[in-house]
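Below is one structure, written out as structure tokens; the observations come after it.
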Amino acid sequence: MRPSLYSTGAASQDINDIARNRKVWLRSIDTAIREIEKTGHIDIVNVHCDDYYVFDLLTRGTKRWNIIYSLHNPYTENKKDIIELVNKNDINCVVLSSSHKEDYSMINRLRVIPFGVDVFSSPYSLFPLSRVNVTPRLFILRMLKERNKDYLVTVGRISENKGIHSCIKLALETNYSLIIAGPPRNRDEYLYFERYVAPYVDGKKIIYFGTCNEIDKEELLMYSVGFLNFSGFENKRWKEPYGRAWIEGMACGTPAICHNWASMSEQIEDGINGYLFSTFQEAKEKVQSIERIDRLSCRSFASGHFDFRHHASEMEAFFLEVGKA
């Protein structure tokens, strides 16, 4: 029999939305927990938010909950109180990679279960934009195709942590254009965008697409020659727990060029589904070789290692294990 599950939080929810609606959100969590206490039909509570109040609510009463804490972000000092509560109550935790596990080595109960993507449903292209005999849906891709121009892509938050300025610098030293998709989400990221990104955007060589929906993202990924990832390059304190965007790129047939930092060596097999680099010059050399990577091999690698069915199977097994404990 499968354990019944209640899940709190949303990893993809905008942090500003959470902040604006914090009181309402916490009241809803409190109400939900009280309802669960009344029914007694929940075997596992899966917490996806880094909020001390939620853990305090779940551990302060007489009810003994089976809690799984799914961690999505790197360790910071403001999680210290949560982790003390987690260890005190023997709460099971899920992290996304071995590197992520090292980041949280102070936690007693840790299980590594990487995210997955729907590889089978992801569209893919065996060739980059200049070599396909189709007309792209997105205007910016049609414009590039008219110029017979291939491009690199980076998708994610516009921040120093993600190394977007370094992506721009690299693109400027290659024959490729660069499409940047993603938003700045707080004051520091807006300042970074204004200083290190906006001045270089010309709509031809450096193109800022902004926030994209899933359909737009798939098209941007599938026709790109490669996904650029400089995560942790400009700020070594940032340790990427897991890279979902470039794995989505692999599912679309696009290899990744990744800074060899934190979890990247767990996701990139050099020369198979992309390249790893440690220096800017090395990144430049790897980009020049990116079209040697077999795009179907990228998709096969994603299917074999990162399909969501693997994630679902491992999570279900973990839920059953915790539910029986």
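Quick notes on this structure:
So that you can scan it fast, the table gives a plain yes or no per residue for (1) aliphatic (A, V, I, L, M); (2) assigned to a strand (DSSP E or B); (3) modelled with pLDDT of 95 or more; (4) within 30 Å of I247 (Cβ to Cβ):
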position	(1), (2), (3), (4)
S7	no, yes, no, yes
N16	no, no, no, yes
I36	yes, no, no, no
H41	no, no, no, no
V45	yes, yes, no, yes
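- Exclusive hit being crowded, with 24+ Cβ neighbours inside 10 Å and either on the phi > 0 side of the Ramachandran plot or in a loop (DSSP other than H, G, I, E, B) (or both), set G249, G253, G203: G253
- Counted residues, segment 79-98 - those being surrounded by fewer than 22 Cβ atoms within 10 Å (Cβ to Cβ) and assigned to a loop (DSSP other than H, G, I, E, B): 2
- Hey, I164 at pLDDT 95 or above, under 18 Å from I140 (Cα atoms) and among the hydrophobic types (A, V, I, L, M, F, W, C) or not: no
- The residue of segment 266-282 that is surrounded by the most Cβ atoms within 10 Å (Cβ to Cβ), among those that are among the small types (G, A, S) and free of Cβ contacts under 8 Å to residues at least 40 places away in the same chain, is G271.
- Qualifying residue in segment 57-68 (condition: on the phi < 0 side of the Ramachandran plot, outside any loop (DSSP other than H, G, I, E, B) and at pLDDT 95 or above): yes
- Applying the criterion of being surrounded by fewer than 23 Cβ atoms within 10 Å (Cβ to Cβ) and in contact (Cβ under 8 Å) with a residue 60 or more places away in the chain to the residues of segment 153-169, the residue that is nearest to the chain's Cα centre (by Cα) is G156.
- Residue in segment 269-283 that is at pLDDT 95 or above, under 20 Å from S121 (Cβ atoms) and assigned to a loop (DSSP other than H, G, I, E, B) present: yes
The values are calculated or read from the model by the stated rules, or taken from the named source; none is laboratory data. Here the structure is a predicted model, which is why all the values come from computation and not from measurement. Heads up, the Cβs are rebuilt from the backbone with ideal geometry, glycines too, and the neighbour counts pull from every protein chain shown.
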